[in-house]
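The values are calculated or read from the model by the stated rules, or taken from the named source; none is laboratory data. All figures in this text were calculated on a predicted structure; none of them were measured in a lab. Don't worry about glycine lacking a Cβ; one is built from the backbone with ideal geometry, like all the others, and counts go over all protein chains shown. Ligands, DNA and RNA are stripped out before the accessible areas are found, and what is left, the full protein with its side chains, is counted by its heavy atoms. Shrake-Rupley method; radii C 1.70, N 1.55, O 1.52, S 1.80 Å.
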Amino acid sequence: MVAPDPIALDLKALQSARARIGTAVLHTAQWTNDPLSQDLGFALQFKLENLQRTGSFKIRGATHKLARLLESDRPQGVIAASAGNHAQGVARAAALAGVPATVVMPTSAPLTKIEACRRLGATIELEGDTLEVAARRARELAAAHDWVFLHPYDDWDVIAGQGSCGLEMLEDAPDMTVAVVPLGGGGLISGIALALKLQRPDIRIIGVQTEAVAPYRRYLTDGVLEPVPAGAFTIADGIKVKQPGALTRQVIARYVDEIVTVDDNAIAEAVVTLLERTRTIGEGAGVVGLAALMQGKIAIRPDDTVVCVISGGNIDMSLVGRSIDYGLASSGRLMSVAVTVSDTPGHLMRVIREVAALGMNIRHVEHRRGELHVAVGMTEVILEIETRDAVHQQELLQHFAAQGLAARNMLR
């Protein structure tokens, strides 16, 4: 691997950045989750950046960048390209500073994030179906109007602002040994890695990417950034970054210990788990670290103290229900079972009684008659059922088989 270039930030610079952003940014909650710690076998703390002003860590870097700009000449305006969280951070920071802000967002950006930016006073322009196309348009507008383009991660001032999160993490957990951080463009993990490693080089820094968009997958072993397939989809849209930054790559190469990936199934399960265990919402990108821990993707010792960053909670409300059902199905707590029975009175009640006898709850019932795969005189009953786990589901299928009923789990 090529030797990394000099890094323009030291601990004093990070501490100065934290002082600049002051009360505009919250010192977010960080606490041990006892039930999950017991389940996973190590002390686990959540750094809840989903409770930050604007709902994500991005306000840290944006606020610090604006503060640095105002130390020289007040800009005529600022502009950013973002799928949502950086946009909201820029919009709020600019509003507090009294600077006009424009945000270019891809047409696929969640509606909740678009409307949130508008409410914060930013001018919104939708351009293209990817963040890269939106960024090109933003740079064109910046040049045409003499606005300052605010990069979401590849900027030392932005990285320094994100480093305030790492300073808080170590203050609140001085005994921490592992930090698990979502990884997209690399601004957050770069700031946190610097804040932690410059004080405690022994702390392990683990970055987590979504399996669908993982340009950093092999970066720490051979220095190669993997190309991202065209049209790649993930529910972790906040870290769907195809072009990692040049500055963040230098920090990651030097200070990040490991990078792992998780798929959308694991991410959806983590959304559900976070909601159940903390009563807070995490967006897909925000919970990838928890997903990696739940999937055993990171080697953790029983005596480790792990701080997992929940980087954001700005999930599209239309996605919440789907993510919950997806996570429940993936974890074995929701099944859709098809049972073929005689289309005569009493047979449906028999099936329902069999389900109730196993302590399961039926959420929805559907009949299918007259379809080619259903014999004349028979009906296929589709039951959406809440279960404890995959073993519980298998118990139901075996129970149906013992009763001579043909049944199949449609979600497996």
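A few comments on the model shown:
- Some residue of region 33-42 being part of a loop (DSSP other than H, G, I, E, B) and touching a Phe, Trp or Tyr at 6+ places or on another chain (Cβ under 9 Å): yes
- Selection status of M317, open to solvent by 30 Å² or more (accessible area, probe 1.4 Å), within 17 Å of T32 (Cβ to Cβ) and of a type outside the set (D, E, K, R): no
- Under the condition of being free of Cβ contacts under 8 Å to residues at least 60 places away in the same chain and either on the phi > 0 side of the Ramachandran plot or open to solvent by 30 Å² or more (accessible area, probe 1.4 Å) (or both), the residues counted in region 32-55 number 5.
- Of the residues making up region 1-12, those that are open to solvent by less than 70 Å² (accessible area, probe 1.4 Å) and modelled with pLDDT of 95 or more are L9, L11.
- For region 345-359, the condition holds for at least one residue, the condition being that it is among the basic types (K, R), over 21 Å from the mean Cα position of the chain (by Cα) and over 30 Å from N33 (Cβ atoms).
- Verdict on I324 being outside any loop (DSSP other than H, G, I, E, B), under 30 Å from A29 (Cβ atoms) and open to solvent by 10 Å² or more (accessible area, probe 1.4 Å): yes
- Considering region 327-338, and only residues there that are in a helix (DSSP H, G or I) and either of a type in the set (A, V, I, L, M, F, W, C) or free of Cβ contacts under 8 Å to residues at least 40 places away in the same chain (or both), the residue that is surrounded by the most Cβ atoms within 10 Å (Cβ to Cβ) turns out to be A329.
- A292 in contact (Cβ under 8 Å) with a residue 24 or more places away in the chain, part of a helix (DSSP H, G or I) and either of a type in the set (V, I, T) or in contact with a Ser or Thr (Cβ under 6 Å, 6 or more places away or on another chain) (or both): no
- The sole residue among A179, A214 that is in contact with a strand residue (DSSP E or B) (Cβ under 8 Å, 6 or more places away or on another chain), more than 19 Å from R60 (Cβ to Cβ) and of a type outside the set (D, E) is A214.
- Those residues of region 399-412 which are closer than 28 Å to T273 by Cβ and either part of a loop (DSSP other than H, G, I, E, B) or modelled with pLDDT of 90 or more (or both), in sequence order: M410, L411, R412
- Scanning region 357-367 for residues that are part of a strand (DSSP E or B) and touching a Ser or Thr at 6+ places or on another chain (Cβ under 7 Å) gives a single hit, H367.
- Checked against the criterion of being within 19 Å of the chain's Cα centre (by Cα) and either open to solvent by 10 Å² or more (accessible area, probe 1.4 Å) or closer than 19 Å to I159 by Cβ (or both), region 13-28 contains one or more residues that satisfy it.
- Identity of the residue in region 358-389, out of contact with any strand residue (DSSP E or B) (no Cβ under 7 Å at 6 or more places or on another chain) and at pLDDT 90 or above, that ends up most open to solvent (accessible area, probe 1.4 Å): R388
- Residue check, I315 modelled with pLDDT of 95 or more and either assigned to a loop (DSSP other than H, G, I, E, B) or in contact with a strand residue (DSSP E or B) (Cβ under 6 Å, 6 or more places away or on another chain) (or both): no
- Helices (runs of 4 or more DSSP H) completely within region 180-283 that count 3 or more residues being in contact with a helix residue (DSSP H, G or I) (Cβ under 8 Å, 6 or more places away or on another chain): 187-197, 246-255, 264-278
- Answer from E354, E395, E384, E371 - the residue that is in a strand (DSSP E or B) and of a type in the set (D, E, K, R): E384
- Checking each residue in region 63-91 for being surrounded by 24 or more Cβ atoms within 10 Å (Cβ to Cβ), over 19 Å from the mean Cα position of the chain (by Cα) and in a helix (DSSP H, G or I) picks out T63, H64, K65, L66, V90, A91.
- Region 286-312, subset open to solvent by 20 Å² or more (accessible area, probe 1.4 Å) and small (G, A, S), residue farthest from the chain's Cα centre (by Cα): A299
- Residue in region 210-221 that is within 26 Å of L51 (Cβ to Cβ) and touching a residue at least 40 places away in the same chain (Cβ under 8 Å) present: yes
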